[in-house]
Amino acid sequence: MRYRYVKGRDLDLIYGKAIELFLVNGTADSVITASLSNWNGTAVKIPRSEIQNYSRDDISGAGVYFLFCQDDNGSNSVYIGESEDMLERLRQHLQDYKAGKEEFYWNAVVAFTGHDLNKALIRYLEDKLVKDAKECGRYKLLTKNTYSKTVMKESDIAKMTEFIDNIKLIIATMSYNVFVPVPKLQDNTQYFFCESKKSGAHAKGFVSNGGFTVLKSSRVSDYVVPSFIERGKAYYNLRMRLEKDGIISEHIFQSNYEFSSPSAASAVVLGHTSNGNVDWKTEDSKMLRDI
C-alpha cells in the first residue's frame, strides 16, 4: 500500500489490486477471463469468431457487455449493452449484422457478470457506463438509447458504483481506453505551439501520458497538401475522422484531444507529414526534442 496527499485532506491510503487473467485456451488471441480479489464479478473477453460455438456458461446470465470495433481508418468505437442472457444477445448481434440490421462490425466482446445482478441493476450499469464513456470521448459510442429511469436503493447504488469502478479497471487492463479521461492541465504544465502562417495553423498542446494533447480552440491548417494523402495516409485519415466526428469543426478543435504521438498531432494540425519533436516549440522557440 502507499499514501496519497490530497490538498485540504488527511493522507489517503491507496491499496494495490490484484487482477487474475486466465487464458482459457492457452493463447492470448482466444478467450480470456479476468477477476479481481474480493470481487464477485467476472469479466470474459471473447473474439467474435468464437461466439457462435461458445459453450461455456460464464456469460449465459445477466450482465453488461462491450463490443469493440475498429474502422479501416483506425478509429475506435464501442457498443455498450446489457442483457439477462448475454450469450443469446451476442448471437443475436451476429444475426442482425448478417441480416443487414446492424451496420457496425465488432471484433471482440468483453462481458461482465456478477452475483445477484438483475434487470434493474444491469440497466443502471449500462446507463452509467454509456454516460461515462461519452464524457471521456475516447471511443465513438454506438449505443443509441439507455434506460435512465431505474429506481435503485441506496445500498444497490453503492454496490454498483464499486462494480463500475472494477469494470473500468479491467477494461483498461485489457488495453481498451474507453474510460481513460483526456489529460487535464496541471499547474506546472509545459506548453508547446505548432504554427504555420502560410496555412493558418496555430495550435497549443502539451506532452501527456498517452502521447500529446492538443488543446481546445487550436486551429488546424486551411488545407492539406496533396502528398499528405499518400505519404501521410494514416494521419490524413485521422484528420478526416476528427472532422467527421466534430472534434475539429471549421478548422478549430472543439475539445481537447490526445494523439498517440507529437508527430501525429503536428501532422493533423499542419496538414502535411511532420516531425513533432521539431515542429512543436515552446514560446521561446525551443523544440520539443530539446526539452
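Please specify each residue of region 108-152 satisfying the condition of being of a type in the set (Phe, Trp, Tyr) and open to solvent by 10 Å² or more (accessible area, probe 1.4 Å). Reasoning before the result, please.
Kept after step one, since they are of a type in the set (Phe, Trp, Tyr), are these residues of region 108-152: 112, 124, 139, 147.
Passing the criteria: Tyr124, Tyr139, Tyr147.
For the subset of region 217-244 comprising residues that are assigned to a helix (DSSP H, G or I), touching a Phe, Trp or Tyr at 6+ places or on another chain (Cβ under 6 Å) and modelled with pLDDT of 90 or more, which member is farthest from Thr273 (Cα to Cα)?
Among them, the one singled out is Tyr236.
For the residues Glu135, Glu103, Glu88, Glu82, the requirement of being in a loop (DSSP other than H, G, I, E, B) and free of Cβ contacts under 8 Å to residues at least 60 places away in the same chain singles out Glu103. Remark: Val178 matches the filter, which requires a residue to be open to solvent by less than 90 Å² (accessible area, probe 1.4 Å), in contact with a strand residue (DSSP E or B) (Cβ under 7 Å, 6 or more places away or on another chain) and assigned to a loop (DSSP other than H, G, I, E, B).
Step by step: first the residues of region 245-282, then only those that are among the charged types (D, E, K, R) and assigned to a loop (DSSP other than H, G, I, E, B), then the one that is nearest to the chain's Cα centre (by Cα). Which residue is that? The residue in question is Asp245.
Yes or no, residue by residue, for (1) open to solvent by 80 Å² or more (accessible area, probe 1.4 Å); (2) under 21 Å from Leu90 (Cα atoms):
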position: Lys17; (1), (2): yes, no
position: Leu21; (1), (2): yes, no
position: Ser30; (1), (2): no, yes
position: Leu36; (1), (2): no, no
position: Trp39; (1), (2): no, no
position: Thr42; (1), (2): no, yes
position: Tyr54; (1), (2): no, yes
position: Asp58; (1), (2): no, yes
position: Gly61; (1), (2): no, yes
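Just one of the listed residues (Arg231, Arg219) is open to solvent by 70 Å² or more (accessible area, probe 1.4 Å) and in contact with a Ser or Thr (Cβ under 6 Å, 6 or more places away or on another chain), namely Arg231. Among the residues in region 197-208, are any open to solvent by 20 Å² or more (accessible area, probe 1.4 Å) and touching a Lys or Arg at 6+ places or on another chain (Cβ under 9 Å)? Within region 197-208, one or more residues are open to solvent by 20 Å² or more (accessible area, probe 1.4 Å) and touching a Lys or Arg at 6+ places or on another chain (Cβ under 9 Å).
The values are calculated or read from the model by the stated rules, or taken from the named source; none is laboratory data. This structure is a prediction, so every number in the text was calculated from the model and none was measured. For neighbour counting, all protein chains shown are included, and Cβ atoms are generated from backbone atoms with ideal geometry for every residue, glycine included. SASA here: full protein model, heavy atoms, side chains in, ligands and nucleic acids out. Shrake-Rupley method; radii C 1.70, N 1.55, O 1.52, S 1.80 Å.
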